[in-house]
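Undergrad: To start, I am sharing the structure in question, which I have written as C-alpha coordinates.
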Amino acid sequence: MSNIATFGTGCFWCTEAIFQELKGVLKVTSGYMGGTVPNPSYEEVCSGSTGHAECLQIAYDPAVISYDDLLEVFWESHDPTTLNRQGNDIGTQYRSAIFYHTEEQKQKAEHYKAELDKQGAYPNPIVTGITPASVFYPAEDYHQNYYFDHGSQPYCYLVIRPKVEKFEKAFAEKLIKKQK
(Lines give C-alpha, C1' and ligand atoms only; values in the text may rest on other atoms or scores of the structure.)
Protein backbone atom coordinates (compact mmCIF):
# COMPACT_ATOMS: atom_id res chain seq x y z
CA MET A 1 0.00 0.00 0.00
CA SER A 2 1.22 3.48 -0.73
CA ASN A 3 0.41 6.94 0.53
CA ILE A 4 0.59 10.22 -1.36
CA ALA A 5 2.40 13.47 -0.51
CA THR A 6 2.27 16.58 -2.70
CA PHE A 7 4.82 19.38 -2.35
CA GLY A 8 5.58 22.60 -4.21
CA THR A 9 9.28 23.40 -3.99
CA GLY A 10 9.74 25.79 -6.89
CA CYS A 11 10.98 24.25 -10.11
CA PHE A 12 9.99 20.59 -10.09
CA TRP A 13 13.11 19.64 -12.05
CA CYS A 14 15.26 20.68 -9.10
CA THR A 15 13.65 18.50 -6.45
CA GLU A 16 12.23 15.57 -8.42
CA ALA A 17 15.69 13.96 -8.50
CA ILE A 18 16.05 14.36 -4.74
CA PHE A 19 12.81 12.61 -3.82
CA GLN A 20 13.46 9.87 -6.41
CA GLU A 21 16.55 8.81 -4.46
CA LEU A 22 14.78 8.15 -1.16
CA LYS A 23 14.23 4.63 0.12
CA GLY A 24 10.50 3.97 0.27
CA VAL A 25 9.55 6.44 -2.44
CA LEU A 26 7.74 4.43 -5.08
CA LYS A 27 7.08 7.12 -7.68
CA VAL A 28 7.61 10.85 -8.14
CA THR A 29 5.49 12.69 -10.69
CA SER A 30 6.10 16.30 -11.66
CA GLY A 31 2.94 18.30 -12.20
CA TYR A 32 0.66 21.14 -11.22
CA MET A 33 -1.79 21.73 -8.37
CA GLY A 34 -3.62 24.57 -6.73
CA GLY A 35 -4.90 26.44 -9.75
CA THR A 36 -8.16 27.13 -11.51
CA VAL A 37 -7.58 25.99 -15.10
CA PRO A 38 -8.26 22.32 -15.92
CA ASN A 39 -5.39 20.42 -17.57
CA PRO A 40 -2.98 23.35 -17.76
CA SER A 41 0.06 23.19 -20.02
CA TYR A 42 3.55 24.03 -18.83
CA GLU A 43 3.41 27.26 -20.83
CA GLU A 44 0.11 28.24 -19.18
CA VAL A 45 1.45 27.51 -15.70
CA CYS A 46 4.67 29.44 -16.44
CA SER A 47 2.60 32.47 -17.45
CA GLY A 48 1.41 32.68 -13.84
CA SER A 49 -2.20 33.05 -14.95
CA THR A 50 -3.55 29.63 -13.89
CA GLY A 51 -2.80 29.79 -10.17
CA HIS A 52 -1.07 26.41 -10.20
CA ALA A 53 2.17 25.62 -8.43
CA GLU A 54 4.79 23.39 -9.97
CA CYS A 55 4.80 20.46 -7.60
CA LEU A 56 5.72 16.86 -7.03
CA GLN A 57 3.27 14.12 -6.24
CA ILE A 58 5.08 11.42 -4.32
CA ALA A 59 3.80 7.88 -3.83
CA TYR A 60 5.57 6.30 -0.88
CA ASP A 61 5.54 3.21 1.29
CA PRO A 62 4.88 4.33 4.89
CA ALA A 63 6.44 1.08 6.16
CA VAL A 64 9.78 2.28 4.74
CA ILE A 65 9.62 6.09 4.85
CA SER A 66 7.32 8.27 6.92
CA TYR A 67 5.50 11.45 6.01
CA ASP A 68 7.66 13.12 8.67
CA ASP A 69 10.78 12.03 6.74
CA LEU A 70 9.32 13.44 3.53
CA LEU A 71 8.56 16.72 5.32
CA GLU A 72 12.16 16.89 6.52
CA VAL A 73 13.40 16.49 2.95
CA PHE A 74 10.82 19.04 1.76
CA TRP A 75 12.06 21.72 4.18
CA GLU A 76 15.72 21.00 3.37
CA SER A 77 15.37 20.83 -0.43
CA HIS A 78 14.29 24.43 -1.09
CA ASP A 79 14.01 27.87 0.51
CA PRO A 80 10.62 28.05 2.26
CA THR A 81 11.13 31.72 3.17
CA THR A 82 10.91 33.34 -0.26
CA LEU A 83 7.41 34.21 -1.41
CA ASN A 84 6.68 33.03 -4.96
CA ARG A 85 10.35 32.54 -5.72
CA GLN A 86 13.09 29.91 -5.77
CA GLY A 87 16.43 31.29 -6.90
CA ASN A 88 16.01 32.89 -10.31
CA ASP A 89 12.53 31.38 -10.77
CA ILE A 90 9.94 34.04 -9.90
CA GLY A 91 6.15 33.75 -9.88
CA THR A 92 3.31 32.11 -7.98
CA GLN A 93 3.98 28.86 -9.85
CA TYR A 94 7.27 28.58 -7.90
CA ARG A 95 5.72 29.03 -4.45
CA SER A 96 6.59 26.84 -1.51
CA ALA A 97 3.53 24.70 -0.80
CA ILE A 98 2.35 21.63 1.03
CA PHE A 99 -0.86 20.19 -0.36
CA TYR A 100 -2.18 17.87 2.32
CA HIS A 101 -4.26 14.77 1.57
CA THR A 102 -5.32 13.96 5.14
CA GLU A 103 -5.95 15.81 8.38
CA GLU A 104 -2.87 14.09 9.83
CA GLN A 105 -0.68 15.47 7.02
CA LYS A 106 -2.09 18.95 7.67
CA GLN A 107 -1.35 18.74 11.39
CA LYS A 108 2.18 17.45 10.84
CA ALA A 109 2.95 20.14 8.24
CA GLU A 110 1.61 22.93 10.44
CA HIS A 111 3.48 21.60 13.47
CA TYR A 112 6.77 21.28 11.58
CA LYS A 113 6.41 24.79 10.11
CA ALA A 114 5.65 26.32 13.53
CA GLU A 115 8.58 24.51 15.18
CA LEU A 116 11.04 25.60 12.50
CA ASP A 117 9.91 29.22 12.85
CA LYS A 118 10.02 29.01 16.66
CA GLN A 119 13.55 27.59 16.57
CA GLY A 120 14.72 30.24 14.08
CA ALA A 121 15.80 27.56 11.61
CA TYR A 122 15.80 30.16 8.83
CA PRO A 123 16.84 33.81 8.92
CA ASN A 124 13.38 34.83 7.65
CA PRO A 125 9.86 33.57 8.46
CA ILE A 126 8.58 30.55 6.54
CA VAL A 127 5.99 31.48 3.90
CA THR A 128 5.07 27.94 2.83
CA GLY A 129 1.37 27.59 2.13
CA ILE A 130 -0.37 24.58 3.67
CA THR A 131 -3.61 23.91 1.80
CA PRO A 132 -5.86 20.96 0.95
CA ALA A 133 -4.81 18.92 -2.06
CA SER A 134 -6.90 19.54 -5.14
CA VAL A 135 -6.77 18.02 -8.61
CA PHE A 136 -3.21 17.06 -9.57
CA TYR A 137 -2.32 17.44 -13.23
CA PRO A 138 0.80 15.53 -14.31
CA ALA A 139 3.23 17.66 -16.29
CA GLU A 140 4.03 16.79 -19.87
CA ASP A 141 6.14 13.65 -20.38
CA TYR A 142 9.33 15.58 -21.16
CA HIS A 143 9.28 17.00 -17.59
CA GLN A 144 9.23 13.58 -15.93
CA ASN A 145 12.55 12.16 -14.71
CA TYR A 146 14.12 15.33 -16.07
CA TYR A 147 17.44 15.43 -14.23
CA PHE A 148 18.24 11.76 -14.80
CA ASP A 149 17.34 11.99 -18.50
CA HIS A 150 19.07 15.34 -19.18
CA GLY A 151 21.87 15.52 -16.60
CA SER A 152 24.47 16.80 -19.05
CA GLN A 153 22.42 19.86 -20.04
CA PRO A 154 23.85 23.10 -18.58
CA TYR A 155 20.85 23.80 -16.32
CA CYS A 156 20.97 20.31 -14.87
CA TYR A 157 24.73 20.32 -14.47
CA LEU A 158 25.04 23.82 -13.02
CA VAL A 159 21.81 24.23 -11.01
CA ILE A 160 20.35 20.83 -10.15
CA ARG A 161 23.50 18.73 -9.68
CA PRO A 162 24.86 20.82 -6.76
CA LYS A 163 21.50 20.55 -4.97
CA VAL A 164 21.40 16.79 -5.47
CA GLU A 165 24.99 16.37 -4.26
CA LYS A 166 24.31 18.46 -1.13
CA PHE A 167 21.20 16.40 -0.44
CA GLU A 168 23.04 13.10 -0.93
CA LYS A 169 25.61 14.09 1.71
CA ALA A 170 23.00 15.26 4.23
CA PHE A 171 20.60 12.32 3.80
CA ALA A 172 22.95 9.47 2.91
CA GLU A 173 21.27 7.00 5.29
CA LYS A 174 17.86 7.53 3.65
CA LEU A 175 19.01 6.97 0.07
CA ILE A 176 18.59 4.00 -2.21
CA LYS A 177 21.97 2.36 -2.63
CA LYS A 178 23.21 2.95 -6.16
CA GLN A 179 24.75 0.17 -8.22
CA LYS A 180 28.41 0.76 -9.06
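Undergrad: So, in the range 7-39, how many residues would count as being under 23 Å from ILE65 (Cβ atoms) and outside any loop (DSSP other than H, G, I, E, B)?
TA: Within the range 7-39, residues that are under 23 Å from ILE65 (Cβ atoms) and outside any loop (DSSP other than H, G, I, E, B) number 21.
Undergrad: Taking the range 113-137 as the region of interest, how many residues are within 14 Å of PHE7 (Cα to Cα) and part of a helix (DSSP H, G or I)? Don't jump to the end; show me each part of the working.
TA: Taking the range 113-137 first, the residues within 14 Å of PHE7 (Cα to Cα) are 113, 127-137.
If we keep only those that are part of a helix (DSSP H, G or I) too, we end up with 113.
Within the range 113-137, residues that are within 14 Å of PHE7 (Cα to Cα) and part of a helix (DSSP H, G or I) number 1.
Undergrad: If you don't mind, there's one more thing I want to ask. For ASN88, work out the one condition from (1) at pLDDT 95 or above; (2) exposed (fewer than 15 other Cβ atoms within 10 Å of the Cβ) it doesn't fulfil.
TA: It is condition (1) that ASN88 fails.
Undergrad: Something else about it: Quick test for you: out of SER47, SER2, pick the one residue that is over 25 Å from ALA172 (Cβ atoms) and at pLDDT below 95.
TA: Values: SER2 fails: over 25 Å from ALA172 (Cβ atoms).
From the options SER47, SER2, the qualifying one is SER47.
Undergrad: Moving to a separate point now. Against the condition touching a Pro at 6+ places or on another chain (Cβ under 9 Å) and without any contact (Cβ under 8 Å) to a residue 24 or more places away in the chain, how does ASP149 come out, does it pass? If you could, list the steps in order and put the result at the bottom.
TA: Numbers: touching a Pro at 6+ places or on another chain (Cβ under 9 Å): no; without any contact (Cβ under 8 Å) to a residue 24 or more places away in the chain: yes.
It is false that ASP149 is touching a Pro at 6+ places or on another chain (Cβ under 9 Å) and without any contact (Cβ under 8 Å) to a residue 24 or more places away in the chain.
Undergrad: In the set SER77, SER30, which member is small (Gly, Ala, Ser) and touching a Pro at 6+ places or on another chain (Cβ under 8 Å)?
TA: Details: SER77 fails: touching a Pro at 6+ places or on another chain (Cβ under 8 Å).
None of the other options fit; the residue is SER30.
Undergrad: So which residues in the range 40-92 are hydroxyl-bearing (Ser, Thr, Tyr) and not in a loop (DSSP other than H, G, I, E, B), if there are any at all?
TA: Within the range 40-92, the subset hydroxyl-bearing (Ser, Thr, Tyr) is 41-42, 47, 49-50, 60, 66-67, 77, 81-82, 92.
Passing the criteria: TYR42, TYR60, TYR67, THR92.
Undergrad: Kindly indicate which of ALA97, ALA53, ALA59 is surrounded by fewer than 23 Cβ atoms within 10 Å (Cβ to Cβ) and within 13 Å of the chain's Cα centre (by Cα). Show your work before the answer.
TA: Numbers: ALA97 fails: surrounded by fewer than 23 Cβ atoms within 10 Å (Cβ to Cβ); ALA53 fails: surrounded by fewer than 23 Cβ atoms within 10 Å (Cβ to Cβ).
Answer to the selection: ALA59.
The values are calculated or read from the model by the stated rules, or taken from the named source; none is laboratory data. Values in this document were obtained by computation on a predicted structure and should not be read as measured data. Note that each Cβ is placed from the backbone with ideal geometry, even for glycine, and that neighbours are counted across all protein chains shown.
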